[in-house]
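In what follows, a single structure is set out as structure tokens and then discussed.
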Amino acid sequence: MDSSIIWIIVAAIFGIAEIFTLTAALGLLAVAALAAAAVAALGGGGAVQFVVFAVVAVAGLVVVRPLMRRQLRPRLGPQHRFGVAALVGRQARVVQEVTGHAGRVRIGGEEWSARAYDESLVIPAGTTVDVIEIEGATALVYPRE
């Protein structure tokens with residue numbers, strides 16, 4: 001059997017395995033096997049085919065795979081948070097005096113029930129605070145310095 005056909009079969013096996021694993025590693029090995037098949041079709045010897053396979057495989061796994069993983073990794077920094085998690089770290093204005101037990105703040109355009117993060121604090125109306133945490137429908141706040 002022609003060695004280029006063997007490399008194509010190896011590439012197909014790696015490609016099918018990649019479909020089930022979704023790691024990108026086996027897909028890159030399939031590409032390396034196709035490169036070796038091209039060398040075999042052009043008349044390269046067995047050693048040259050193996051060297052091309054090894055070089056393309058290592059280059060793919062060392063260079064391309066980390067780039068792919070970085071691009072596919074979810075970026076959930078502060079700008080990508082949503083729901084109540086997006087309120088943590090935001091600035092708010094005290095509407096009604098906030099104590100360790102009750103109070104009201106305006107976060108953006110919404111009014112929220114609030115408690116002081118430090119239960120011994122009493123934060124007067126008009127004070128700017130930072131939202132430290134959200135517990136249910138209550139914002140835990142701390143005065144800005």
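Restricting the range 1-24 to residues that are of a type in the set (F, W, Y) and closer than 13 Å to A36 by Cβ, the residue that is surrounded by the most Cβ atoms within 10 Å (Cβ to Cβ) is W7. Quick one: is V131 at pLDDT 95 or above and part of a strand (DSSP E or B)? In short, no.
The number of residues in the range 29-43 that are out of contact with any helix residue (DSSP H, G or I) (no Cβ under 7 Å at 6 or more places or on another chain) and surrounded by 13 or more Cβ atoms within 10 Å (Cβ to Cβ) comes to 1.
The set of residues in the range 26-69 being within 26 Å of D2 (Cα to Cα) and in contact (Cβ under 8 Å) with a residue 40 or more places away in the chain consists of G46, Q49, F53. The set of residues in the range 80-106 that are within 21 Å of the chain's Cα centre (by Cα) and loosely packed, with under 13 Cβ neighbours inside 10 Å comprises H80, F82, G83, A85, G89.
The values are calculated or read from the model by the stated rules, or taken from the named source; none is laboratory data. Note that the structure is predicted; figures quoted are calculated from it, not measured. Glycine also receives a Cβ, built like all others from the backbone with ideal geometry; neighbour counts cover every protein chain displayed.
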